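Read the structure below first, then the notes.
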Amino acid sequence: MGTNPYKGKAPFFYLFLCPFEFTQKILHYQIFIDNDTPARQIDVFAKDDETALLVECTCCDERKEKNLNELIEKIISISKAAFTSINKHYKSGPKLKIRWIIATRNIEWRT
């Protein structure tokens, strides 16, 4: 049994290994929210002809409990603006379905 070449990589790294055919994959994607709010960084953005995936990543060196309420509330608060911004940017074709993923490593979720 060999060593795992992906050991120690952040969770979002695995998205780049996923079998889906995305036309675009971007690390540290900046998304426009509105004129009064600075652009929001999304850890990973991937899209194909139908769907855009927005991935927020969080990890710890050692396994521990972490309250993710703040992260979930942040996602909820920018979801509508993210949907509008992404579909405005990619205006050709049908509106994209927007899906969020919270990728974690060594975290026991608490809410």
Problem - Length-normalised contact order for the stretch 23-110 - Cα pairs under 8 Å, 6+ apart - percent - result: 35
Completion exercise
Using alpha-carbon positions, the gyration tensor of the stretch 23-110 gives root eigenvalues a ≥ b ≥ c; with a/c under 1.5 called rounded, otherwise prolate if a/b exceeds b/c, else oblate, the class is prolate
Fill in the blank from the handout: Cross-link reach from LYS74 to aspartates and glutamates, straight Cα distance under 13 Å and at least 8 residues apart if same chain, gives GLU56
Completion exercise
Among ILE78, GLY93, ALA52, the residue whose Cα sits farthest towards the positive end of the charge dipole of the stretch 42-106, when +1 is placed on the Cβ of each Lys and Arg and -1 on the Cβ of each Asp and Glu, is GLY93
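The numbers here are math on the coordinates, done by the rules we state, and not lab data. Note that the structure is a prediction, hence the values are computed from the model and not measured. Because the Cβ atoms are built from the backbone with ideal geometry, glycine has one as well, and the counts that use them run over all protein chains shown.
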